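Structure record follows, encoded as structure tokens.
The values are calculated or read from the model by the stated rules, or taken from the named source; none is laboratory data. The structure presented is a predicted model; accordingly, all values stated were derived computationally and were not measured. Cβ: placed from backbone, ideal geometry, glycine included. Neighbour counts: every protein chain shown. With ligands, DNA and RNA removed, areas are computed over all heavy atoms of the protein, side chains included. Shrake-Rupley method; radii C 1.70, N 1.55, O 1.52, S 1.80 Å.
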Amino acid sequence: MSRYILVGILLGFILYKSEAASWFRIYEMFRFQSFHMFGIIGSAILAGIIIVQIIKARHVKNVEGQEILIKDKSKTIWRYLIGGFTFGLGWSLAGACPAPMFILLGAGHTVFVVYLVAAMTGTYLYGVLRPRLPH
Amino acid sequence: MFMEFLIQVREFLSEPWPWYVAGPLLALVMFVLLYFGHEFGISENFRIMCAADGADQMNDFFKINWKDGQWNLLVALGAVFGGYVASHYFMGTEGDTAHISDATVASLNEIGLSVEAGKEPFVPEFISWGGLLHWQGWLMIAGGGLLVGFGARYAGGCTSGHAISGLSALQLPSLIAVIGFFLGGLFVTYFVLPLLFPF
């Protein structure tokens, strides 16, 4: 179990030390005034594509001995576009997406408890409205 | 000798991490989780927390066994620890600073948010309990959180699930989601934030 905590600690270090958890960096990204955030996301994707291609070509197995399979996401448009847009509004307002929120809480910015409760409320609201939303 | 080495390691890690270190390491996090049999996705934790708090009895969307999500909650808990350790013991000589570009400093001052080049705090002053004394603070912190929680579940993932895991697996839906993230972010950055400052 503790292995997941270690992965989380690594994630916390990466996003804190690269400043991706900073409101100012998110603002800078949306103003296209620095390559930094695009470099982080872009190189993560590039490295990720290589990793996924190797996993598929070599049939890499996970720790339990089963082949690693990555599920295809359902091929629709609206949920991704509207949901993504809504997420983008929140990301740029608070300057933190979910992982940085946990990291900043740990860094002592306890006000993110308010964000956490609000995010859980938003998630619950989605659960309630889900049957009526276009997907 | 050994202590000296450790101090040097600490100094090395305390430097700001460049993008080409952070990006590939994020891919490594994704791979390690795949290797452990899971898909990287932090926002799923909000749903798991809702389920654990009793939402599973109120709504079908939360009828999941939250214990299956324990691994993900532990990743989030690790991120809390990581944030604590990085910010308390690995800050280096420059301290808690966001090294944003001069252009960004100029833009911020233009919209009424006064910041000094080289002295931008990691988290801005208004993202605090004091910020909640103003409606703008509520909009940014609570409003932001609400929209993030709603949008992430609606889109089926956040920055980790779509931008990193999804695009790495060349998923077209994730590309649509990421385009959505940017449309939302650009809208707020260009049309909403200028209305909020100064406060």
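Averaged over A:51-57, how many beta carbons belonging to a partner chain fall within 10 Å of each residue's beta carbon?
Mean partner-chain Cβ count within 10 Å for A:51-57: 4.
What total accessible surface area, summed over both chains, is buried at the interface between chains A and B, computed with a 1.4 Å probe and given in Å² to the nearest 100?
Answer for the A-B pair: about 10500 Å² buried.
Explain nothing, just the number: relative contact order of region B:84-199, from Cα pairs under 8 Å at least 6 residues apart, as a whole percent. If you can, show how the numbers build up before the last one.
Numbers: 62 pairs, mean separation 27.9, N = 116.
24 percent.
How long is the gain from residue B:186 to residue B:10 if the chain were fully straight, where each residue apart is worth 0.36 nm and the alpha carbon distance is subtracted?
59.6 nm
Let me know the whole percent of all Cα-Cα pairs from chain A that are separated by more than 28 Å. Don't jump to the answer; show the numbers that get you there.
Values: 3064 of 9045 pairs.
I get 34 percent for the Cα pairs in chain A exceeding 28 Å.
Could you check how much of the accessible area of region B:1-96 is carbon and sulfur, as a whole percent, using a 1.4 Å probe? Provide the component values of the computation, followed by the final result.
Numbers: 3250 of 5230 Å².
Carbon-and-sulfur percentage of accessible area, whole number: 62.
Using each residue's phi in region B:119-126, evaluate 6.51 cos²θ - 1.76 cosθ + 1.60 at θ = phi - 60° and report the 3J(HN,Hα) Karplus result to the nearest Hz, with x for Gly and Pro.
Calculated HN-Hα couplings, in order: 10, 6, x, 4, 10, x, 4, 6 Hz.
Determine ³J(HN,Hα), in whole Hz, for all residues of region A:79-86 in sequence, where each value follows from phi through the Karplus function 6.51 cos²θ - 1.76 cosθ + 1.60 and θ = phi - 60°; x replaces Gly and Pro.
4, 6, 6, 6, x, x, 4, 4
Add +1 for every Lys or Arg and -1 for every Asp or Glu among the other residues with Cβ under 13 Å from the Cβ of residue B:47, and state the total.
Taking every other residue near residue B:47 into account, the sum is -2.
So for each of A:98-105, B:64-71 I average, over its residues, the number of other beta carbons within 10 Å; can you give me the resulting order with the highest mean first?
Descending mean neighbour count gives A:98-105, B:64-71.
In deg cm²/dmol and to the nearest 500, what is the mean residue ellipticity at 222 nm of the protein assembly as shown if only DSSP H runs of at least 4 residues count, each as -39500 (n - 2.57), divided by the residue total?
After summing the helix terms and dividing by residue count, I get -18500 deg cm²/dmol.
Roughly what % of Cα-Cα distances in the protein assembly as shown sit above 32 Å, to the whole percent?
Counting pairs separated by more than 32 Å, the tail of P(r) holds 25 percent.
Provide the per-residue ³J(HN,Hα) series for region A:53-69, in order, calculated from phi with Karplus coefficients 6.51, -1.76, 1.60 and θ = phi - 60°, each as a whole number of Hz, with x at glycine and proline positions.
Per-residue couplings from phi come out as 5, 5, 4, 5, 5, 9, 6, 4, 9, 7, 4, 8, x, 9, 5, 6, 10 Hz.
If you take each beta carbon of peptide B:157-164 and count the beta carbons of other chains within 10 angstrom, what is the mean?
Taking all residues of B:157-164 together, the mean is 6.
Whole number in Å², please: accessible area per residue of region B:1-96, 1.4 Å probe, ligands, DNA and RNA not counted.
On a per-residue basis, region B:1-96 sits at 54 Å².
Using the Cα centre of chain B as the reference point, and only Cβ charges (+1 on K/R, -1 on D/E), how large is the resulting charge dipole? Debye, rounded to the nearest 20.
On the way: 6 positive and 16 negative charges, 109 e Å.
Value, rounded to 20: 520 debye.
Ignoring GluC sites (Glu not before Pro) that are buried or in helix or strand per DSSP, and keeping those with at most 12 other beta carbon atoms within 10 Å, what is the longest stretch of chain B between them?
Between exposed loop sites, the widest span is B:1-93.
Give me the one-decimal nm value for the distance between modelled label points at residue B:63 and residue B:3, 7 Å along each residue's Cα-to-Cβ direction.
6.1
Which of the helices in chain B, when you take each full DSSP H run, stretch at least 20 Å along the axis at their Cα atoms and have an average Kyte-Doolittle score of 0.5 or higher? Each step should come with its number before you reach the end.
Values: long enough: B:19-35 (24 Å, 2.02); B:70-89 (28 Å, 0.82); B:172-187 (23 Å, 2.19).
Length and hydropathy pass: B:19-35, B:70-89, B:172-187.
Taking a spot 7 Å from the Cα of residue B:170 along the direction of its beta carbon, which residues of region A:31-70 have an amide N less than 17 Å from it?
Counting backbone N atoms under 17 Å from the label point, the list is A:45-60, A:69-70.
Calculate the spin-label point distance for residue B:114 paired with residue A:64, positioning each point 7 Å from the Cα along the beta-carbon direction, and give it in nanometres.
Once both label points are built, they end up 5.8 nm from each other.
Using a 1.4 Å probe on the protein heavy atoms, what percent of the accessible area of region B:144-189 belongs to carbon and sulfur?
Within region B:144-189, the accessible surface is 89 percent carbon and sulfur.
How crowded by other chains is B:86-97, given as the mean number of beta carbons from other chains within 10 Å of each beta carbon?
Counting Cβ atoms of other protein chains within 10 Å of each residue's Cβ and averaging gives 3.
Which shape class, rounded, prolate or oblate, goes with chain B when its Cα gyration tensor gives a ≥ b ≥ c as root eigenvalues, a/c under 1.5 marks rounded, and past that a/b bigger than b/c marks prolate?
Oblate, since a/c reaches 1.5 and b/c is not below a/b.
Within chain A, what is the longest stretch that has no trypsin sites (Lys or Arg not before Pro) placed in a DSSP loop and near at most 12 other beta-carbon atoms within 10 Å?
Numbers: sites that count: A:71, A:75.
Value returned for the longest uninterrupted segment is A:1-70.
Hey, can you find the accessible area per residue of region B:101-199 for me, probe 1.4 Å, expressed in square angstrom?
39
Please give the Cα centre distance for region A:40-58 versus region B:43-59, rounded to the nearest Å.
After rounding, the separation between the Cα centres reads 31 Å.
Using just the C-alpha positions of region B:1-96 as equal point scatterers, what log10 of I(q)/I(0) does the Debye formula give at each q in 0.14, 0.16, 0.22 1/Å?
Per q value, in the given order, log10 I(q)/I(0) is -0.72, -0.84, -1.13.
Taking the solvent-accessible surface of protein heavy atoms with a 1.4 Å probe, what is the per residue accessible area of chain A in Å²?
Heavy-atom SASA per residue in chain A reads 42 Å².
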